[in-house]
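Some notes on the structure that comes next.
The values are calculated or read from the model by the stated rules, or taken from the named source; none is laboratory data. Owing to the predicted nature of the structure, the values given are computational and were not obtained by experimental measurement. Cβ sites come from the backbone with ideal geometry, for glycine too, and all protein chains shown count toward neighbours.
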Amino acid sequence: MLRGVSAATAESPVTNAQEDAILALFRSLEETDRREIQSAAEEKKRIRDIEQRLKELTEALADTKRPA
């Protein structure tokens, strides 16, 4: 369930009220719904990672095109 979550985050004993509410809702769902939510969250993270990488590459490319 915690694929892609850093070890520091996964081991953190401190949670806030929003996280508790989300976990309670998540746990109340059927397994099929849980898998769909996990899949959507993983896709969202993948897209954010790709967007961040694209930004970094775009900036690096712009730096190489600047006159010295």
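The figures follow:
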read-out	value
Residues (closer than 17 Å to Gln38 by Cβ and modelled with pLDDT under 60) located in region 4-26	Gly4, Val5, Ser6, Thr9, Ala10
Selection status of Arg46, assigned to a helix (DSSP H, G or I), under 12 Å from the mean Cα position of the chain (by Cα) and at pLDDT 95 or above	yes
